[in-house]
Amino acid sequence: VINRSSSSSNSGEAKCLNDLLQPTGAWHPRVTRQEAEKRILITLRNNQEVDHVYVLRRPSSGRAGPGEELFVLSEGTGAMMVTHYKVVWKRGRGLRFYPGENVPKKLEAFNPCSAATGGVVGFLKKHFGWYNPVGI
């Protein structure tokens with residue numbers, strides 16, 4: 001007998017990075033840093049009601065540990081500034097950010113992120129205080 005129910009499907013936990021990021025509509029693994037910046041700035045210029053615009057993409061460099069996957073959050077603000085964050089995802093643990101100037105200290109450790117907690121968009125709204133973000 002095969003038991004097809006698992007705790008991960010019940011909790012809404014992603015099985016891989018694509019499962020986690022695809023629902024945002026902002027997951028573009030092949031987009032470069034320069035292309036992400038260009039897309040973000042164009043969107044900000046054309047949409048004044050948005051407080052943050054973001055793209056999720058693969059990094060050009062960096063290495064994740066065993067069982068971890070790495071991606072980059074490129075985000076722009078109404079001040080027309082774009083910031084890039086390296087983020088690590090580990091199934092069952094959540095997300096953690098590489099330490100950086102604009103990274104809240106609590107995000108340098110793993111924090112839960114699943115469909116049950118609002119997914120990536122809910123995570124960003126909660127931890128960065130975003131009100132009306134738009135993924136592109």
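The values are calculated or read from the model by the stated rules, or taken from the named source; none is laboratory data. For clarity, every value in this text was computed on a predicted model and none was experimentally measured. Please note: Cβ atoms are built from the backbone with ideal geometry, for glycine as well, and neighbour counts cover all protein chains shown. Accessible surface is based on the protein model in full, side chains and every heavy atom, while ligands, DNA and RNA are left aside. Shrake-Rupley method; radii C 1.70, N 1.55, O 1.52, S 1.80 Å.
Going by what's in this entry, would residue 7 be described as modelled with pLDDT under 90 and either among the aromatic types (Phe, Trp, Tyr) or over 21 Å from residue 136 (Cα atoms) (or both)? For residue 7, the condition - modelled with pLDDT under 90 and either among the aromatic types (Phe, Trp, Tyr) or over 21 Å from residue 136 (Cα atoms) (or both) - is met. Restricting 94, 76, 135, 122 to residues that are surrounded by fewer than 17 Cβ atoms within 10 Å (Cβ to Cβ) and among the small types (Gly, Ala, Ser) narrows the list to 122.
Candidates 101, 49: the one that is at pLDDT below 95, within 16 Å of residue 133 (Cβ to Cβ) and among the acidic types (Asp, Glu) is 49.
Out of all the residues in the stretch 119-133, is one or more among the hydrophobic types (A, V, I, L, M, F, W, C) and in a strand (DSSP E or B)?
No: zero hits.
When each of 47, 18 is tested for being out of contact with any Leu (no Cβ under 8 Å at 6 or more places or on another chain) and more than 23 Å from residue 109 (Cα to Cα), the lone residue that passes is 47. With respect to the numbered conditions (1) within 18 Å of residue 120 (Cβ to Cβ); (2) part of a loop (DSSP other than H, G, I, E, B), which one is the sole condition not fulfilled by residue 60? Of (1) within 18 Å of residue 120 (Cβ to Cβ); (2) part of a loop (DSSP other than H, G, I, E, B), only one is false for residue 60: (1).
Mind checking which pairs have a first residue in the stretch 37-65 that is open to solvent by 40 Å² or more (accessible area, probe 1.4 Å) and a second that is of a type in the set (S, T, N, Q) and at pLDDT below 95, Cβ under 6 Å, 6 or more apart or different chains? If the second residue must be of a type in the set (S, T, N, Q) and at pLDDT below 95, the pairs left are 51/132.
Of the residues 129, 94, 100, 118, which is within 25 Å of residue 33 (Cβ to Cβ) and within 13 Å of the chain's Cα centre (by Cα)? Show your work before the answer.
Values: 129 fails: within 13 Å of the chain's Cα centre (by Cα); 100 fails: within 13 Å of the chain's Cα centre (by Cα); 118 fails: within 25 Å of residue 33 (Cβ to Cβ).
Only one candidate passes the filter, namely 94.
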